[in-house]
Amino acid sequence: MFDESPKRFDRIVAILIQLQSKKIVKAQELANRFEVSLRTIYRDIRTLEASGVPIYSEAGVGYALMEGYRLPPVMFTREEASSFIAAEKLMQKFTDVTLGNHYASAMYKLKAVLRSDDKDWVSSIESNVLMQTSEKLFNDKSPNTLATIFESIAEKTQVILSYEAIDADGITMRHIEPVGVFHDNNNWYMLGYCHLRKDYRQFRTDRVHGIKKTVIPFSIEHEALETYLDKNKNIPTTKIRILVDKKIAKYLSSERKYHGFVSEKKIDNKIEMTFMSCATLEGFSRWYLMFGDYATILEPEGLKTRILELLEINKQRLL
């Protein structure tokens, strides 16, 4: 017997909306979203077809609506609309000027379809939400970096970067095939194939002094972004264990993940932390000096040696 509960009705409506949002939607994608079986999704699709919705399917590909079929604009609940407020604030502070303006334009359209009471409700939230950035994410000379990269990825055309690497003496021109973008450690990065280096490289957006679109197509069929990021995780690491005073340990929680934090356990009034850090130990050593008077290195011996070397260098500079 078919389940005609309100829950099923809501799911079928949501499936129809999702079919309008993408060119092709896979059955497994729908099953994962609604946490139901593939059999249930097949049944829901048949229900939509029986109600007159023109859906066509292709084995092994997915479902799609016939070209030209559209429902009237969907009304948002006030809770759904309010969720966009946080997204708008994030777009304004954490993306470049062009993307922020595009999102602001979309928000005006969204607010236009709200009921009067809901508009007031959303406005009261909007005026009391503030996002602040701790880092400068984009160079003033290249305010539309992210938007240009997005276009390049979609169109599969190369861009020309004016880029200043952290260890470089000046700016270099790079022909890049962008693979994707990601946000990490308070910065935006683009990963792409660099024709100058003949290899994949990461580029931080605040070091981009200029970016220019071209009509030159990609020369390589690139894999998904996750593939390259996973490869970066295979960099050799060293196991580190330190014992930190409990009163200090809590202040390290926001930064320790950037140094390969794995786990922690309480030992009396101290916290033992385990890391799998870069094998060179250089970055970890310098971070450790910030709180070293409240911590003890348990392993490895190489870390102790490097800390002593850095302390001796500092001592000589103070004499």
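Pull out all pairs, ordered by first then second residue, where Cβ-Cβ is under 9 Å, the residues are six or more apart or on different chains, the first lies in the range 225-242 and is of a type in the set (Lys, Arg) and at pLDDT 90 or above, and the second is surrounded by 16 or more Cβ atoms within 10 Å (Cβ to Cβ) and not in a loop (DSSP other than H, G, I, E, B). Here the result reads Lys239/Thr274; Lys239/Phe275; Lys239/Ser277; Arg241/Glu272; Arg241/Met273; Arg241/Thr274; Arg241/Phe275; Arg241/Ile297, each pair linking the range 225-242 to a residue that is surrounded by 16 or more Cβ atoms within 10 Å (Cβ to Cβ) and not in a loop (DSSP other than H, G, I, E, B). Take residues that are in contact with a Pro (Cβ under 6 Å, 6 or more places away or on another chain) and tell me which of the helices (runs of 4 or more DSSP H) falling wholly in the range 10-126 contain 1 or more. Filter on the range 10-126 gives 97-112.
Residue by residue, here is whether (1) touching a Gly at 6+ places or on another chain (Cβ under 6 Å); (2) open to solvent by 40 Å² or more (accessible area, probe 1.4 Å) holds:
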| site | (1), (2) |
| --- | --- |
| Lys119 | no, yes |
| Asn128 | no, yes |
| Gln132 | no, yes |
| Glu151 | no, yes |
| Val159 | no, no |
| Ser162 | yes, no |
| Ile166 | no, yes |
| His183 | no, yes |
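Of all residues in the range 134-179, those satisfying the criterion of being in a loop (DSSP other than H, G, I, E, B), in contact with a His (Cβ under 7 Å, 6 or more places away or on another chain) and either modelled with pLDDT of 90 or more or aliphatic (A, V, I, L, M) (or both) are Glu164, Ile171. Residues in the range 265-290 that are without any contact (Cβ under 8 Å) to a residue 40 or more places away in the chain and assigned to a helix (DSSP H, G or I): Glu282, Gly283, Ser285, Arg286, Trp287.
Evaluation of Arg201 against the conditions (1) at pLDDT 85 or above; (2) open to solvent by less than 30 Å² (accessible area, probe 1.4 Å); (3) under 23 Å from the mean Cα position of the chain (by Cα) shows that the sole unmet condition is (2).
In the range 291-304, which residues are without any contact (Cβ under 8 Å) to a residue 12 or more places away in the chain and surrounded by 13 or more Cβ atoms within 10 Å (Cβ to Cβ)? Matches in the range 291-304: Lys304 only.
The values are calculated or read from the model by the stated rules, or taken from the named source; none is laboratory data. The structure displayed is predicted, hence computed values, not measured ones. No Cβ is skipped: glycine too gets one built from the backbone with ideal geometry, and neighbour counts run over all protein chains shown. Calculation scope for accessible area: heavy atoms of the full protein, side chains included, ligands and nucleic acids excluded. Shrake-Rupley method; radii C 1.70, N 1.55, O 1.52, S 1.80 Å.
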